Amino acid sequence: MWDWAAFFHYLHSEYLLLGAGVTLGLSLASLAIGLGCGLAAALMRLSSNPFINKPASLYVWLMRGTPVLVQLIIIYTGLPQLGIKLNVLESALLGLGVNEGAYLAEIIRAGILSVPKGQVEAARAVGMTQAMTMRLVVLPQALRIIVPPLGNTFNGLLKTSSLASVISMEELLRRTEELVQIQFKVLEIFIVAALYYLLMTTVWGLIQERIEARLSRHVAPAGGRLRQKIDAEILSRDSQ
Amino acid sequence: MTRNSALSAAATTEWVLEAEGVHKRFGATEVLKGVSLRVAKGEVVVILGPSGGGKSTLLRTINHLERPDAGVIRLCGEPIGCKDVDGRRVALPESAIAVQRRAIGMVFQQFNLFSHMTALQNITAAPIRVLKTGKAAAVAEARRLLALVGLPEKADAYPEQLSGGQQQRVAIARALAMHPKLILFDEPTSALDPEMVAEVLEVMLDLSQNGMTMIVVTHEVGFARRAADRAIFLEGGAIVEEAAPERFFADPSSERTRRFLSKVLHA
């Protein structure tokens, strides 16, 4: 029997809310780590030096070719066998962040490659160094292409972070399960958890929309938007 | 050339650009086969020639967007892209070339304005970031340059909101903002609709009359006649003809130049 009273009770349960907060924080921190790893790997893969681009390719291949759940278990449960002991939070951040980085590397690389070559030449011609060219000219323009698929992976990350419950990270899913074990209101509690996830992904969707609008302010309304949608579509297909 | 005669030549003419025996090869194709060219201060040199003849590559080796395979390029006497250490020529790293490039402006066929920046930002970006000019001074200078190219009201427009001719004029202002000793124009009007060609050429003519040293790759014969001190015909990676424009267009000495001109002039 569905229990409305229990549902509303759990809807503002502090225990679950804190879990949702951990989920959000974990996802944001993993995104930050992922952006660092992803940008580094993307730049490395664009190098023509095989000693630089091959390691980055290996990283992307390994991370995208194995389940993140397996990676998390290897880091938390397996590595201590080699004397590397990471606590729950460190393991979760490492697993989720580094994995995210591999997906972001491909997205960032495609974004960088989408910037016309003439932009780089113009930057060099006014005396910008390679680093300046990347920072002031290429990346800001790549961002417009990068943000839509990046937003999609963050949406994914908010949900994927629930896998960290397996290594006993006290995030939303873990706390939901714990609550269920004590109070047996399975459906009510899980529906509340689902609503929390939905709330987070929906709010993120709105934020993402605003960021995208801001980034394309210099682009002509019709053609630019369409082009951008197509680019984003291609990119997100690539990154799946 | 002996040291003495070099000195006396330097005393009479101030060479902004000296290119000697420049070679450039892309894979199996030799695009430049030993081009030598000197441009004096305030001189306007127009380069004509068939596509694939090496015109763009020559410009791009001058500011080292492409490194020449052989030969040396000097800007106001200083070698670009290399330096002499104990009599040996050592290639400079990209970061040092970036510093040298500040003194050479370049205007591209496709304008290549930074598409995420307004016209004003396009002009101020390099002065602020590269030359470390103060922001207020850079903005004031950019507004002056926008007025100079006839676009004072377009400071806040993004490139996509400008016509081709307007974009190219902003690109010229962007090059001027670095106070270059030399500006390279790579077919600056070839991508423009006919009615916009004149507005760009007019700005270039103004520059030439104000003493700017310029190398212009173009097929605009009218501009060459009015603005150029010298015209050069580049074909097959070598200079085939070099003369004052009056003679170059009226009575070229090479048959190949003659044939090319007859096509351009009657196009």
Relative contact order (%) - criterion: Cα under 8 Å, at least six apart; region: chain A: 29 percent
Rounded to 5, the percent of DSSP beta bridges in the protein assembly as shown classed as antiparallel: 60 percent
5 angstrom amide H check on residue B:71, placed H, neighbours 5+ away: B:23
Most to least packed among B:180-187, A:1-8, B:253-260 [average Cβ atoms within 10 Å]: B:180-187, B:253-260, A:1-8
Extension reserve of the residue B:144-residue B:179 stretch, reckoned as 0.36 nm per residue once the Cα distance is removed: 11.3 nm
With Cα atoms, 0 to 90° folded angle of helix A:172-183 axis to chain A main axis: 10 degrees
Inter-part distance where the stretch B:232-267 and the stretch B:120-146 are each reduced to a Cα centre, Å: 40 Å
Distance in nm between pseudo-label sites at residue B:14 and residue B:266 (7 Å out along the Cβ direction from Cα): 4.5 nm
Mean separation of Cα contacts under 8 Å (6+ apart) over length of the stretch B:147-257, as relative contact order %: 19 percent
Per-residue Cβ neighbour rank within 10 angstrom, fewest leading, A:12, B:179: A:12, B:179
Rough spin-label spacing in nm, given labels placed 7 Å along Cα→Cβ, for residue A:206 and residue B:25: 6.4 nm
Built amide H within the under 5 Å cut-off of residue B:185, gap 5+: B:107, B:215, B:216, B:217
The stretch A:65-79 - phi-based ³J(HN,Hα) in whole Hz, Karplus 6.51/-1.76/1.60, Gly and Pro as x: x, 10, x, 5, 5, 5, 4, 4, 5, 4, 5, 7, 9, x, 4
Chain B: most fluctuating residue of B:72, B:44, B:85 per GNM, C-alpha cutoff 10 Å: B:85
Set of lysines near residue B:24 by C-alpha distance (under 21 Å), chain-local residues within fewer than 8 positions excluded: A:117, B:33, B:55, B:83
Under 5 Å, built H, 5+ apart or other chain: amide partners of residue B:234: B:48, B:49, B:240
Likely footprinting exposure, B:82, B:76, fewest C-beta neighbours within 10 Å first: B:76, B:82
Chain B, relative contact order in percent, only Cα pairs under 8 angstrom and at least six apart counted: 25 percent
Coil-residue trypsin sites (Lys or Arg not before Pro) of the stretch A:1-89, DSSP, other Cβ within 10 Å capped at 14: A:85
For chain B, built as a Gaussian network whose Cα springs stay under 10 Å, the top-fluctuating residue of B:70, B:40, B:250: B:250
Residues B:56, A:13, B:51, A:27 arranged by fewest to most Cβ contacts within 10 Å: B:51, A:13, B:56, A:27
3J(HN,Hα) from dihedral phi, the stretch A:117-124, Karplus parametrisation 6.51/-1.76/1.60, rounded to Hz, x for glycine, proline: 4, x, 5, 5, 5, 4, 5, 5
Karplus 3J(HN,Hα) series, Hz, for the stretch A:157-165 with 6.51 cos²θ - 1.76 cosθ + 1.60 (x for Gly, Pro): 5, 4, 8, 4, 4, 4, 5, 5, 4
Spin-label model distance (nm) - residue B:210 vs residue B:193, 7 Å beyond Cα toward Cβ: 2.8 nm
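Throughout, read-outs are computed from the coordinates displayed, never taken from laboratory work. Being a predicted model, the structure only gives us computed values, none of them experimental. A quick note on method: Cβ atoms are made from the backbone with ideal geometry, for glycine too, and the neighbour counts reach across all protein chains shown.
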